[in-house]
Amino acid sequence: MKYAREHVKRYWVFAYRRALGISMVTFAITLAVGMIFTTLFANTFYVHPVAELAFWAFLILITTMTLVVSFASAHISSLKLMTEHESRQHSKYVAVWLFSIIVGVIVFTLPLALINSFIAPLMFLFSFGGILWVLYISVTILFRHSYRELAYGATALLIVFAIAMLAVTGLLSNTQLYLNAQAYVAATLFIAMATLIIVFGGTGMMLMFNSTNEFVREFEDTVHLIEGRQAAAPSPKGRRSARAGRPRRKR
(Lines give C-alpha, C1' and ligand atoms only; values in the text may rest on other atoms or scores of the structure.)
Protein backbone atom coordinates (compact mmCIF):
# COMPACT_ATOMS: atom_id res chain seq x y z
CA MET A 1 0.00 0.00 0.00
CA LYS A 2 2.47 2.60 -1.18
CA TYR A 3 -0.43 4.90 -2.04
CA ALA A 4 -1.56 5.17 1.61
CA ARG A 5 -0.02 6.90 4.59
CA GLU A 6 1.77 4.80 7.18
CA HIS A 7 -0.91 4.93 9.90
CA VAL A 8 -3.60 4.03 7.34
CA LYS A 9 -1.55 1.04 6.18
CA ARG A 10 -1.09 -0.14 9.76
CA TYR A 11 -4.79 0.05 10.44
CA TRP A 12 -5.59 -1.77 7.18
CA VAL A 13 -3.21 -4.59 8.12
CA PHE A 14 -4.88 -4.90 11.53
CA ALA A 15 -8.46 -4.72 10.22
CA TYR A 16 -8.03 -7.25 7.40
CA ARG A 17 -6.04 -9.67 9.55
CA ARG A 18 -8.87 -9.60 12.09
CA ALA A 19 -11.49 -10.07 9.36
CA LEU A 20 -9.60 -13.05 7.95
CA GLY A 21 -9.27 -14.58 11.40
CA ILE A 22 -12.96 -14.17 12.24
CA SER A 23 -14.00 -15.65 8.89
CA MET A 24 -11.73 -18.67 9.18
CA VAL A 25 -12.73 -19.44 12.77
CA THR A 26 -16.41 -19.14 11.83
CA PHE A 27 -15.86 -21.51 8.90
CA ALA A 28 -14.16 -24.05 11.16
CA ILE A 29 -16.94 -23.86 13.76
CA THR A 30 -19.78 -24.19 11.24
CA LEU A 31 -18.01 -27.09 9.50
CA ALA A 32 -17.54 -28.86 12.83
CA VAL A 33 -21.21 -28.32 13.74
CA GLY A 34 -22.30 -29.61 10.34
CA MET A 35 -20.14 -32.73 10.59
CA ILE A 36 -21.41 -33.47 14.11
CA PHE A 37 -24.99 -33.08 12.92
CA THR A 38 -24.44 -35.32 9.90
CA THR A 39 -22.48 -37.97 11.79
CA LEU A 40 -24.53 -38.24 14.96
CA PHE A 41 -28.07 -37.19 14.19
CA ALA A 42 -28.33 -38.31 10.57
CA ASN A 43 -26.88 -41.75 11.35
CA THR A 44 -28.63 -42.25 14.70
CA PHE A 45 -32.06 -40.85 13.91
CA TYR A 46 -33.87 -40.59 10.62
CA VAL A 47 -33.35 -37.12 9.21
CA HIS A 48 -35.10 -36.15 6.01
CA PRO A 49 -32.62 -35.28 3.24
CA VAL A 50 -34.36 -31.94 2.73
CA ALA A 51 -33.91 -31.08 6.42
CA GLU A 52 -30.24 -32.03 6.28
CA LEU A 53 -29.76 -29.93 3.13
CA ALA A 54 -31.55 -27.01 4.77
CA PHE A 55 -29.30 -27.30 7.83
CA TRP A 56 -26.15 -27.18 5.71
CA ALA A 57 -27.58 -24.28 3.70
CA PHE A 58 -28.17 -22.42 6.97
CA LEU A 59 -24.56 -23.02 8.05
CA ILE A 60 -23.27 -21.84 4.67
CA LEU A 61 -25.42 -18.72 4.95
CA ILE A 62 -24.01 -17.93 8.41
CA THR A 63 -20.45 -18.37 7.16
CA THR A 64 -21.06 -16.24 4.08
CA MET A 65 -22.71 -13.45 6.06
CA THR A 66 -19.86 -13.44 8.58
CA LEU A 67 -17.29 -13.23 5.80
CA VAL A 68 -19.12 -10.43 3.97
CA VAL A 69 -19.80 -8.39 7.12
CA SER A 70 -16.23 -8.79 8.41
CA PHE A 71 -14.54 -7.69 5.19
CA ALA A 72 -17.10 -4.95 4.47
CA SER A 73 -16.52 -3.53 7.95
CA ALA A 74 -12.74 -3.69 7.50
CA HIS A 75 -12.98 -2.03 4.07
CA ILE A 76 -15.34 0.75 5.17
CA SER A 77 -13.41 1.53 8.35
CA SER A 78 -10.18 1.71 6.32
CA LEU A 79 -11.72 4.07 3.75
CA LYS A 80 -12.77 6.46 6.53
CA LEU A 81 -9.11 7.10 7.31
CA MET A 82 -8.10 7.66 3.69
CA THR A 83 -8.03 10.75 1.60
CA GLU A 84 -9.97 10.90 -1.66
CA HIS A 85 -6.89 9.94 -3.69
CA GLU A 86 -6.05 7.06 -1.34
CA SER A 87 -9.61 5.71 -1.39
CA ARG A 88 -9.73 5.73 -5.21
CA GLN A 89 -6.45 3.88 -5.46
CA HIS A 90 -7.43 1.45 -2.73
CA SER A 91 -10.77 0.64 -4.38
CA LYS A 92 -8.99 -0.21 -7.63
CA TYR A 93 -6.59 -2.56 -5.86
CA VAL A 94 -9.43 -4.20 -3.91
CA ALA A 95 -11.34 -4.79 -7.17
CA VAL A 96 -8.30 -6.50 -8.71
CA TRP A 97 -7.84 -8.50 -5.49
CA LEU A 98 -11.44 -9.75 -5.51
CA PHE A 99 -11.16 -10.69 -9.18
CA SER A 100 -8.00 -12.71 -8.52
CA ILE A 101 -9.68 -14.48 -5.60
CA ILE A 102 -12.71 -15.40 -7.73
CA VAL A 103 -10.44 -16.78 -10.47
CA GLY A 104 -8.45 -18.74 -7.90
CA VAL A 105 -11.59 -20.21 -6.34
CA ILE A 106 -12.86 -21.32 -9.76
CA VAL A 107 -9.53 -22.87 -10.76
CA PHE A 108 -8.99 -24.78 -7.51
CA THR A 109 -12.58 -26.01 -7.19
CA LEU A 110 -12.63 -27.55 -10.69
CA PRO A 111 -11.00 -30.81 -9.47
CA LEU A 112 -13.97 -31.33 -7.13
CA ALA A 113 -16.30 -31.42 -10.15
CA LEU A 114 -14.01 -33.49 -12.37
CA ILE A 115 -13.01 -36.25 -9.94
CA ASN A 116 -15.70 -38.77 -9.04
CA SER A 117 -14.14 -41.49 -6.88
CA PHE A 118 -13.41 -42.37 -3.27
CA ILE A 119 -10.48 -39.89 -3.25
CA ALA A 120 -12.78 -36.95 -4.07
CA PRO A 121 -13.05 -35.84 -0.39
CA LEU A 122 -9.27 -35.42 -0.29
CA MET A 123 -9.52 -32.90 -3.11
CA PHE A 124 -11.11 -30.50 -0.61
CA LEU A 125 -7.68 -30.22 0.98
CA PHE A 126 -6.07 -29.43 -2.38
CA SER A 127 -8.78 -26.90 -3.27
CA PHE A 128 -8.75 -25.01 0.01
CA GLY A 129 -4.96 -25.13 0.18
CA GLY A 130 -4.77 -23.59 -3.28
CA ILE A 131 -7.31 -20.91 -2.36
CA LEU A 132 -5.29 -19.95 0.72
CA TRP A 133 -2.18 -19.68 -1.45
CA VAL A 134 -4.09 -17.41 -3.84
CA LEU A 135 -5.08 -15.21 -0.89
CA TYR A 136 -1.51 -15.06 0.39
CA ILE A 137 0.13 -14.36 -2.98
CA SER A 138 -2.48 -11.82 -4.12
CA VAL A 139 -2.24 -9.80 -0.89
CA THR A 140 1.56 -9.89 -1.03
CA ILE A 141 1.71 -8.72 -4.65
CA LEU A 142 -1.05 -6.11 -4.59
CA PHE A 143 -0.77 -4.64 -1.09
CA ARG A 144 2.91 -5.36 -0.34
CA HIS A 145 2.10 -7.10 2.93
CA SER A 146 2.33 -10.79 3.80
CA TYR A 147 -0.10 -12.61 6.07
CA ARG A 148 2.22 -15.51 6.78
CA GLU A 149 -0.50 -17.33 8.70
CA LEU A 150 -2.25 -18.01 5.38
CA ALA A 151 0.90 -19.57 3.95
CA TYR A 152 1.27 -21.79 7.01
CA GLY A 153 -2.36 -22.96 6.71
CA ALA A 154 -2.09 -23.60 2.97
CA THR A 155 1.13 -25.57 3.41
CA ALA A 156 -0.41 -27.71 6.16
CA LEU A 157 -3.42 -28.56 3.98
CA LEU A 158 -1.27 -29.51 1.00
CA ILE A 159 1.07 -31.63 3.15
CA VAL A 160 -1.85 -33.62 4.56
CA PHE A 161 -3.28 -33.94 1.04
CA ALA A 162 0.02 -35.30 -0.32
CA ILE A 163 0.44 -37.78 2.54
CA ALA A 164 -3.16 -39.00 2.23
CA MET A 165 -2.86 -39.38 -1.55
CA LEU A 166 0.35 -41.39 -1.18
CA ALA A 167 -1.36 -43.64 1.35
CA VAL A 168 -4.35 -44.16 -0.95
CA THR A 169 -2.11 -44.79 -3.95
CA GLY A 170 -0.34 -47.51 -2.01
CA LEU A 171 -3.70 -49.21 -1.44
CA LEU A 172 -4.74 -49.19 -5.09
CA SER A 173 -3.18 -52.60 -5.67
CA ASN A 174 -5.36 -54.09 -2.93
CA THR A 175 -8.42 -55.74 -4.47
CA GLN A 176 -10.33 -55.28 -1.21
CA LEU A 177 -10.20 -51.54 -1.75
CA TYR A 178 -12.98 -51.63 -4.32
CA LEU A 179 -15.05 -54.01 -2.22
CA ASN A 180 -14.92 -51.57 0.69
CA ALA A 181 -15.19 -48.38 -1.37
CA GLN A 182 -17.90 -46.90 0.87
CA ALA A 183 -15.75 -47.35 3.97
CA TYR A 184 -12.80 -45.67 2.24
CA VAL A 185 -14.97 -42.75 1.18
CA ALA A 186 -16.08 -42.28 4.78
CA ALA A 187 -12.47 -42.46 5.97
CA THR A 188 -11.16 -39.96 3.43
CA LEU A 189 -14.09 -37.64 4.15
CA PHE A 190 -13.33 -37.75 7.88
CA ILE A 191 -9.64 -37.01 7.25
CA ALA A 192 -10.46 -34.10 4.94
CA MET A 193 -13.06 -32.50 7.20
CA ALA A 194 -11.01 -32.95 10.39
CA THR A 195 -7.97 -31.42 8.69
CA LEU A 196 -9.98 -28.46 7.40
CA ILE A 197 -11.48 -27.82 10.85
CA ILE A 198 -8.12 -27.98 12.62
CA VAL A 199 -6.16 -25.96 10.04
CA PHE A 200 -8.77 -23.26 9.49
CA GLY A 201 -9.50 -22.97 13.20
CA GLY A 202 -5.80 -22.81 14.09
CA THR A 203 -4.97 -20.35 11.30
CA GLY A 204 -7.93 -18.14 12.20
CA MET A 205 -6.90 -18.09 15.86
CA MET A 206 -3.35 -17.16 14.85
CA LEU A 207 -4.65 -14.29 12.72
CA MET A 208 -6.89 -12.98 15.51
CA PHE A 209 -4.13 -13.35 18.12
CA ASN A 210 -1.57 -11.53 15.98
CA SER A 211 -4.03 -8.76 15.11
CA THR A 212 -4.71 -8.22 18.83
CA ASN A 213 -0.98 -8.16 19.56
CA GLU A 214 -0.44 -5.56 16.83
CA PHE A 215 -3.24 -3.39 18.21
CA VAL A 216 -1.82 -3.61 21.75
CA ARG A 217 1.69 -2.83 20.49
CA GLU A 218 0.47 0.20 18.53
CA PHE A 219 -1.46 1.41 21.57
CA GLU A 220 1.57 1.02 23.84
CA ASP A 221 3.80 2.88 21.36
CA THR A 222 1.28 5.72 21.19
CA VAL A 223 1.05 5.93 24.98
CA HIS A 224 4.86 5.96 25.32
CA LEU A 225 5.09 8.70 22.67
CA ILE A 226 2.50 10.85 24.45
CA GLU A 227 4.12 10.31 27.83
CA GLY A 228 7.53 11.14 26.38
CA ARG A 229 6.24 14.42 24.95
CA GLN A 230 4.59 15.31 28.25
CA ALA A 231 7.78 14.56 30.16
CA ALA A 232 9.87 16.65 27.77
CA ALA A 233 7.50 19.63 27.93
CA PRO A 234 7.95 21.90 31.01
CA SER A 235 5.00 21.99 33.37
CA PRO A 236 3.03 25.26 33.90
CA LYS A 237 4.45 25.53 37.42
CA GLY A 238 7.95 25.11 36.08
CA ARG A 239 7.37 27.82 33.48
CA ARG A 240 6.11 30.20 36.17
CA SER A 241 9.15 29.45 38.34
CA ALA A 242 11.44 30.08 35.41
CA ARG A 243 9.80 33.42 34.68
CA ALA A 244 9.93 34.36 38.37
CA GLY A 245 13.66 33.63 38.54
CA ARG A 246 14.50 35.91 35.63
CA PRO A 247 15.71 39.44 36.53
CA ARG A 248 13.36 42.21 35.53
CA ARG A 249 14.55 44.60 32.91
CA LYS A 250 14.96 48.23 33.93
CA ARG A 251 12.83 50.66 32.04
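The values are calculated or read from the model by the stated rules, or taken from the named source; none is laboratory data. Values in this document were obtained by computation on a predicted structure and should not be read as measured data. When we count neighbours, we look across all protein chains shown, and the Cβ atoms used for this are built from the backbone with ideal geometry, even at glycine. For accessibility, only protein heavy atoms count, side chains too; no ligands or nucleic acids. Shrake-Rupley method; radii C 1.70, N 1.55, O 1.52, S 1.80 Å.
Worth pointing out:
- Per residue, the accessible area of segment 1-147 comes to 55 Å² when a 1.4 Å probe rolls over the protein heavy atoms.
- Total formal charge among the other residues, if their Cβ is under 14 angstrom from that of Ala156, Lys/Arg +1 and Asp/Glu -1: 0
- Inter-probe distance in nm under a simple model that places probes 7 Å from Cα toward Cβ, at Ser77 and Leu112: 2.9 nm
- In the complete set of protein chains, residue-level accessible area for Thr64 is approximately 70 Å², probe 1.4 angstrom.
- Label sites at Val68 and Lys2, each approximated as a point 7 angstrom past Cα along Cα to Cβ, lie 3.6 nm apart.
- Going by accessible surface with a 1.4 Å probe and the largest first, Phe190, Phe200 read Phe190, Phe200.
- Taking 0.36 nm per residue of separation and subtracting the Cα-Cα distance, full extension of the segment from Asn213 to Leu166 would add 13.0 nm.
- Accessible carbon and sulfur surface of segment 52-112 relative to its total accessible area, %, 1.4 Å: 80 percent
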